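The values are calculated or read from the model by the stated rules, or taken from the named source; none is laboratory data. Everything numeric in this text was worked out from a predicted model, so none of it was measured. Cβ sites come from the backbone with ideal geometry, for glycine too, and all protein chains shown count toward neighbours.
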Amino acid sequence: MTDEDKVEESGDSLLARAHERRGFHLGVHEIMNEADTEYMQHYQRWLEFANIKERHLDRKTKQIVHVAVDIARNAHPDHIRAHMVAGVKAGVTKEEFFEVATLGFILGGTSSLLLGMEAWRRTFRPDQKPAWELVEDG
């Protein structure tokens, strides 16, 4: 293990590292960090290797795949959005993520399509109506 691979931070510095490396962090990361810093250290090291380190796939591709899988598995739209935000930082365009979101229909049916579109809306067009809002009057 190289010095770069070691995660020795704790508390706020570990959370800051997680945020910097991912491009975001979630409340779950704060919970894990506070409840069990040692667990968070191991989780962060594994995540940096598996999801962040560019080995055979670059960060952009990994974020596209992550979003596609999250959509197909009906993940929460805010979780999908977090990876869209990280993907944009890695170079994914809103048009590329729109195309990924449209695959939701093929990968997981209508509910996946709605989740993908809602995550896209929350990321790029928060001014629009939610994807599943009923519009009764034209």
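Look at segment 115-138: where a residue is assigned to a helix (DSSP H, G or I) and a partner is among the polar types (S, T, N, Q), sitting 6+ places away or on another chain with Cβ atoms under 7 Å, you get LEU115/ASN74; ARG121/GLN128. Scanning segment 25-34 finds one or more residues that are farther than 27 Å from SER112 by Cα and in contact with a Phe, Trp or Tyr (Cβ under 8 Å, 6 or more places away or on another chain). Within segment 12-39, the set of residues being of a type in the set (A, V, I, L, M) and either in the same structural domain as MET84 (by TED's automatic domain parsing) or surrounded by 11 or more Cβ atoms within 10 Å (Cβ to Cβ) (or both) comprises LEU14, LEU15, ALA16, ALA18, LEU26, ILE31, MET32.
In the set ASP58, ASP12, ASP78, ASP36, only one residue is in contact (Cβ under 8 Å) with a residue 40 or more places away in the chain and not small (Gly, Ala, Ser); that residue is ASP78. Can we say GLY91 is touching a helix residue (DSSP H, G or I) at 6+ places or on another chain (Cβ under 6 Å) and surrounded by fewer than 14 Cβ atoms within 10 Å (Cβ to Cβ)? For GLY91, the condition - touching a helix residue (DSSP H, G or I) at 6+ places or on another chain (Cβ under 6 Å) and surrounded by fewer than 14 Cβ atoms within 10 Å (Cβ to Cβ) - is met.
In summary, VAL135 fulfils each of the numbered conditions (1) hydrophobic (A, V, I, L, M, F, W, C); (2) modelled with pLDDT of 95 or more; (3) surrounded by fewer than 16 Cβ atoms within 10 Å (Cβ to Cβ) with the single exception of condition (2).
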